[in-house]
């Protein structure tokens, strides 16, 4: 029996280790970010909507009323109404999607040996209305709390408006960055888009409300 070549054995072992490391690396690096799409969309949309809509509502009232109490109460009303609206809207929307997918799955179901297993796997991928609704409501509330906290303890009118804008800007950067990281998208393009959109919403609301108030419709 011929003696084994040590160099050949070492080469085989090295190639095997390299292939194993490559497989492990590929497995660690690859992740299907679309698995997060449902709850990520609901959470990011809810947080941004809560932040921007509540801040814009407060800025609009602040354009014609300098009273901090009125501004904060308006923010709380926006928080409660928005959280309920987001939860109900998300539940109805996702439940409609669920009904469509279940109906389609029943139409495509084939009686095969693995048919039941395939159905069970498909059920695991179906959207969850309650999960999406709760994520939207909680995320909206989280976003709405930020401008409320920024305005609640500041009596000076101009300082209060400036602090609200600054707090909302920082929160928009944070939400945009977190959403981009969790979704596997570029942070550099996501954050400016979110921030500019929030500024536009607050600026337009403030400007139009100020215009309406100066026309004599202010209460």
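Which FRET efficiency value, to the nearest 0.05, do you get for residue 128 and residue 76 by plugging their Cβ-Cβ distance into 1/(1 + (r/R0)^6) with R0 = 22 Å?
Values: r = 29 Å, r/R0 = 1.33.
Calculated transfer efficiency: 0.15.
Normalised by the number of residues in segment 37-214, what is the relative contact order in percent for Cα pairs under 8 Å and 6+ residues apart? Relative contact order, segment 37-214: 40 percent.
Test of understanding: what is the full-extension gain from residue 85 to residue 103, defined as 0.36 nm times their sequence separation minus their Cα-Cα distance?
Details: separation 18, 0.36 × 18 = 6.48 nm, distance 2.71 nm.
Roughly 3.8 nm would be gained on extension.
By other beta-carbon atoms within 10 Å, ranking 59, 105, 134, 200 with the fewest at the front produces 200, 105, 134, 59.
We did not get these values from a lab; they are worked out from the coordinates using the rules stated. Note that the coordinates shown come from a computational prediction; the quantities given were computed from them, not determined experimentally. Cβ atoms come from the backbone with ideal geometry, glycine included; neighbour counts cover every protein chain shown.
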